[in-house]
Structure formats: structure tokens, C-alpha cells
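Structure first, then comments.
The values are calculated or read from the model by the stated rules, or taken from the named source; none is laboratory data. Quantities reported herein were computed from a predicted structural model and do not represent experimental measurements. Note that each Cβ is placed from the backbone with ideal geometry, even for glycine, and that neighbours are counted across all protein chains shown.
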Amino acid sequence: MSKLIDITRECLQILNRRDRKIYWIIVIVQCFLAILDLIGVMVIGIIGSLTIQGVQSRSPQGKTLEVLKVLQLSEFSLQAQVAALTVFAVVVLLMKTVLTMVLTKKILNFLSRRGSDTASILVEKLIGEPLTSVQNRDSHDIEYAIGAGLSSITLGVLGLIVTVISDFALVIILLLGVFIIDPLIACITFVLLGGGGVLFYSIMHKKARLLGTTTAHMNLAINGKINEVISLYREIYVRNKRSYYSDEIRKLKIAHSEALAEQTFMPNISKYAVEISVIFSIVIISAVQFLSNNAAGATASLAIFLAATSRLAPAILRIQQSMVQIQINLGVAEPTLLVLRRAETIASVPEDNKVYDEEHVGFVPTAKISNVSFKYPSSSSMVLKNITIDVTEGSFVAIVGPSGSGKTTLVDVLLGLHELGDGQIQISNLSPADAIYRWPGAISYVPQSVRLINGTIRENIVFGFQRDSSQDLHLQEVIKSAILDEFISTLPNGLDTLIGKDGIGMSGGQAQRIGIARALYTNPKFLILDEATSALDSETEIDIARSISLLRGKVTVVAIAHRLSTVQRADKVIYLDAGSKISEGTFDEVRKVVPGFDRQAEILTIDDEGSSN
């Protein structure tokens, strides 16, 4: 139980201090509503006593008479008294039920909204981590955490806790009220109904938690296998392993379905347990009352018991089922709790500027890389070793070197995507992250492999900025610079043509040109290219290179280059090998200093000549 309390307290941490106050206020109000149940039950007991006394032609006596006097009904006829008390009891019990329903709906809506807020904050924090941490995270874990996982915490744990606490308060208040009237009935009810509930929970809670954990992990495993099929379809097809994967998914789905079926059946067990307890309670209490009391007293006590049981049994049933469901949902939410614990150590990402701004006033397109060394957390060897580079305003810097020399890693640290081990990087005299935050869009980046979003071509180019019709002329200029105008003119809806996820149906060259247009749209002053024209044919690459060359002197360009024509146009060439800067200078200077680059230049020449044929 202490572990359950600790985990529940952890779940409550997704609410801020103000929201936790609102949550507990609603819980307390729900608890006090149980007093209405007690009043209704007591009135029903009085109705039973009046009925028996009327049959025996006796006047109301004792506590029954006192209640009638308080309600100013003592002078009315028996029929009027019973009718008035019946209406009063019905109104009180209905009022309690309606108020409980309204409050329950409000708390669930409240928790659902808080869950959405938490999902947004969680994603914001996770994408605020360094690149290596983001890449090491399984996307299915994040999808699960912000979907089913958070719903299990907010609605499946915190929502059900409200039900458990309010129903527990109802049970305590009703039992105390019955105890004052008839201690024996209260004790028998407590032992049979309460004891049965505790016994059921002690037997089932561990199994419920295990079932929840099992379904969560099975769900993640199924999603993972489906993703493998989609991302590795060509390899699976060539190996003729499609049936193998369908069998694997079928096995996982069977195990998942069996766990879900057992999980769904568990609440029925508590229903049957409560029904059996109620039957035994009625038999025992009826026997005890009619053996030890007169007919009027026995009937009144039995009426109170039956009325109390009509409220207690559903409450105990809800408590049992809710406790089991909480355990199941805690199991389901376990992966999400791990993600939330990790997120607590991550600083929030500053709010971005969604408004397009092409001026970038104050931004100076320079970069200083000073004595930078870097290694990946999972590696013991340095990827970059004491790199120092000075990128001046308006210059074109080409980064070259053999595969695995650290070129892409250097670009990543220049963008501030990795936490440095040693050294310092400044863009416009600020850290890369601060420069990007202060001048969004002033720095643009084109990766070697461009990823497209599921939307229109326009949305893929504007990408994150609000659409502004005043920028349509600029957008058309960007499209021409990226050699996209002819392709877009062939599409049925032009810029507003929808493209599928990851640009399904588009060639690599078309996707890459959209990526280049995306980078140019923000009118950047600092452009970083990671082999950005590698998927283009030679003619298109030359056209785009010509477009970029028109920016020379206005835009600072840092490019990982793979073609001789690109390297030769550079003001400065940086040659990397095994993470070290071997040489820096013009193309001819580096070629003279680095024998390996001289040979590589010959290969690049052959590549350029071959691609132009």
C-alpha cells in the first residue's frame, strides 16, 4: 500500500500546485456529499419504522417521533408522513447522485486538459535535449507516453482516485451512522462487505499491476514490429520474410489480446464477490434482528440495512473495481513514469517565435569555433579533436575529408546540437542556441537527407512559421532558386498539393529541392549545407549552386562538399581527417599540403565529369 501511495504521489506531480489544490478541493467536496447518503438512508429507516407502527396501529415513538418533530411532520397523518419522508429521501439521494455525476465529469475534463498540457511540456522537454539523447530515444516510447501512458495517469489513476476516496468516505460515514443506530448491523456489514473487499483487493492487485505492465509492453512491441515492416519493407521483401513478420506480429497480438481479455474480466470478479457478500449479510442480519427484536424494531433496522446496503454495495464495488483498475493503469503508465522522471532533469525549451521576420536585425553571420573537442556519450574516442575555425561574414567555407572524419559532427556542434566537452562555439558573438532563439530563421540548415512532413508543399516550405500571404512573392522567388517551379507547375494543386508522410511518391531530388527552398524561405544570413545537393542530378545541382552563388557576400555559407565544383568555389577549404583539422586554406593550398586530398580531388573530378555526361 505504501508503494501505491508513493506512485500515486508521483502521478500527482504532473499537476502544478494550483491544479493540485483544485483537485483536492473537488475530492473533499465529493466526500462531504456522502452526508446526503446518510440522511437519505436514515429517512428510509424511519419510513420502515412508521410503516410497521402504522400496521400495528401504534403512534410514532422514540427517535422516529423526534425526527418527525424536527421536520414538523408529527401532526400529520401516517400516509402524509410516509409520503413526505419518501419524497424527501428520494430528493436527497437523487441530489447526491446528480452532484456526484457533475463533479466527476468536471474532474475528468479537468484532468484530461491537464494531461494534454503535460504532453505538450513533455514533448517540448524531450526535443530540448542534445541531439544524441533525442536520437537514442525510441519514438514509440514517446508516442506511447504522450498518448495512452498519460491518459492512464490522468484518467486511469488520478480520476479513479477521486472515486475511491469519495466512495470510501461514503462507506465510513454510512457505517458510522448505522453504528449509532444499531452497532450489530454496522459490525456485520463492515465484516462481510468491507472484509470481502479487502480480501479481493489483496488477492487481485498484484495480478492487475502485472496485466497492465504486460499490455503496455506488448503494445510497444507490436508498434515496433509494424514500424520495422514499413521502414525495412524492401529488405523484408527481398529476403522473402513477409510471412515471418506477419507471424511475429500475430503472436504478439495474441498475447496482447489475452492479457486485455483477462484485464477486462477482472472487474466482473469484484461484482460477483460483492453480490455474495450482500446475500450473506441480508440472511444473517434478518435472522439476528427477528430473533432479538420486535417486528417494528427488526423491520426498521432491516430497512436501514437494506437502504444502507443499496448505497454501500455499489460504493464498495466501485472501490474494488477502481483499485484494480488503478493497479492496471499504473502498470500501463509505468513506461510513461520513467519518461516523466527523465524529463524532470531537462530544462524547458524557450518559447519560439512563430512570426516570420526576414530582416534579422543585429545578426552578424560569423562563426568562431575555438579549441573544440567532442565525443559521443557512448564512445570513449574523440570524434573532434581541438578544432579551431574562424568563419568570416559573407564567406563560403567548404568542409572536406574522408568518410568518418567528423564533418557532419562538426556541423552538428556548430548548430549547438551537441553539448561540448571542451572549447567554445559562437555565432554572431552568442552561443548557437542563443543566436537561434534571438534570430529564428537567420541560420538555415539543409541536411543530406531531407525529411518531409505530411502536408502540402507550401506547408513543407514554410515549415513552422505561420502562413503569411504578404510573403507569397518571396515564396515564389525561393521556389525558383530551388529549381522547384517547373515541378510545382505540373502538380494538380500547385503549392497546395498534398504529399504523403516522408514524401512518399516523390524522388530524392524533389525532396531535397523542397529542403533547400525551406532553408531559403527564412531569408537566412548563415546557410549550412550537409551535402545538400547529393541527391540531385548534375544539371540541377549546377543550377542550385548558381542560385546559392548569387548570395555570395550577402550570406555566409558553410558546406560539407562532395563535388569538385563546390570545393573550388569556396573561399576557404577545411580538410578533416580522424577528427582533426589537417589543413585550412584555398582549394589549391589544401591540395598542395594534403596528399590525400590531392588524390581525392582527382576522384571528385572524375565524379563531376561522370555526372555531367
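Confirm whether ILE185 is modelled with pLDDT under 75, within 21 Å of GLN327 (Cβ to Cβ) and in a helix (DSSP H, G or I). No: the conditions fail for ILE185. Within the set ARG239, ARG234, ARG209, the sole residue that is surrounded by 18 or more Cβ atoms within 10 Å (Cβ to Cβ), at pLDDT below 75 and of a type outside the set (Phe, Trp, Tyr) turns out to be ARG209. Within the stretch 382-394, is even one residue closer than 26 Å to ALA545 by Cβ, among the hydroxyl-bearing types (Ser, Thr, Tyr) and surrounded by 15 or more Cβ atoms within 10 Å (Cβ to Cβ)? No, because not a single residue in the stretch 382-394 is closer than 26 Å to ALA545 by Cβ, among the hydroxyl-bearing types (Ser, Thr, Tyr) and surrounded by 15 or more Cβ atoms within 10 Å (Cβ to Cβ). In the stretch 34-46, the residues that are farther than 12 Å from SER166 by Cβ form Cβ pairs under 6 Å with partners that are of a type in the set (Ser, Thr, Tyr), at six or more places apart or across chains, as follows: ILE46/THR64. Taking the conditions (1) buried (at least 20 other Cβ atoms within 10 Å of the Cβ); (2) in contact with a helix residue (DSSP H, G or I) (Cβ under 6 Å, 6 or more places away or on another chain) in turn, VAL397 satisfies each one other than (2).
Residue by residue, here is whether (1) among the β-branched types (Val, Ile, Thr); (2) crowded, with 22+ Cβ neighbours inside 10 Å; (3) at pLDDT 70 or above holds:
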residue	(1), (2), (3)
SER469	no, no, no
HIS474	no, no, yes
ALA482	no, yes, yes
LYS501	no, no, no
ALA535	no, no, no
SER538	no, no, no
VAL555	yes, no, yes
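Identify, from the list VAL446, VAL450, the residue that is surrounded by 15 or more Cβ atoms within 10 Å (Cβ to Cβ) and either free of Cβ contacts under 8 Å to residues at least 40 places away in the same chain or in contact with a strand residue (DSSP E or B) (Cβ under 8 Å, 6 or more places away or on another chain) (or both). Please lay out each step first, then the result.
Details: VAL450 fails: either free of Cβ contacts under 8 Å to residues at least 40 places away in the same chain or in contact with a strand residue (DSSP E or B) (Cβ under 8 Å, 6 or more places away or on another chain) (or both).
One residue alone meets the criteria, VAL446.
Would you mind stating whether LYS385 is in contact with a Ser or Thr (Cβ under 6 Å, 6 or more places away or on another chain) and either part of a strand (DSSP E or B) or at pLDDT below 90 (or both)? Against the criterion (in contact with a Ser or Thr (Cβ under 6 Å, 6 or more places away or on another chain) and either part of a strand (DSSP E or B) or at pLDDT below 90 (or both)), LYS385 qualifies. Under the condition of being of a type in the set (S, T, N, Q) and in a strand (DSSP E or B), the residues counted in the stretch 545-559 number 1.
The set of residues in the stretch 560-584 being within 25 Å of SER381 (Cα to Cα) and part of a strand (DSSP E or B) consists of ILE560, ILE574, TYR575, LEU576, ASP577, SER580, LYS581, ILE582, SER583, GLU584. Quick one: is PHE465 at pLDDT below 80 and among the aromatic types (Phe, Trp, Tyr)? So PHE465 passes the test. Of all residues in the stretch 391-445, those satisfying the criterion of being part of a helix (DSSP H, G or I) and of a type in the set (A, V, I, L, M) are LEU410, VAL411, VAL413, LEU414, ALA433, ALA435, ILE436. Going by the structure shown, is ARG458 in a loop (DSSP other than H, G, I, E, B) and of a type in the set (D, E, K, R)? So ARG458 does not fit the description; no. Looking at THR366, THR408, which is the one that is modelled with pLDDT under 90, among the polar types (S, T, N, Q) and closer than 19 Å to VAL557 by Cβ? Of THR366, THR408, the one residue that is modelled with pLDDT under 90, among the polar types (S, T, N, Q) and closer than 19 Å to VAL557 by Cβ is THR408. Could you list all residues from the stretch 3-21 that are closer than 16 Å to LEU160 by Cα and modelled with pLDDT of 85 or more? Matches in the stretch 3-21: ARG20 only.
Consider GLU143 carefully, then state whether it is modelled with pLDDT of 70 or more, under 30 Å from GLU419 (Cβ atoms) and not assigned by TED's automatic domain parsing to the domain that holds VAL413. Spell out the reasoning first.
On the way: modelled with pLDDT of 70 or more: yes; under 30 Å from GLU419 (Cβ atoms): yes; not assigned by TED's automatic domain parsing to the domain that holds VAL413: yes.
Spelling it out, GLU143 is indeed modelled with pLDDT of 70 or more, under 30 Å from GLU419 (Cβ atoms) and not assigned by TED's automatic domain parsing to the domain that holds VAL413.
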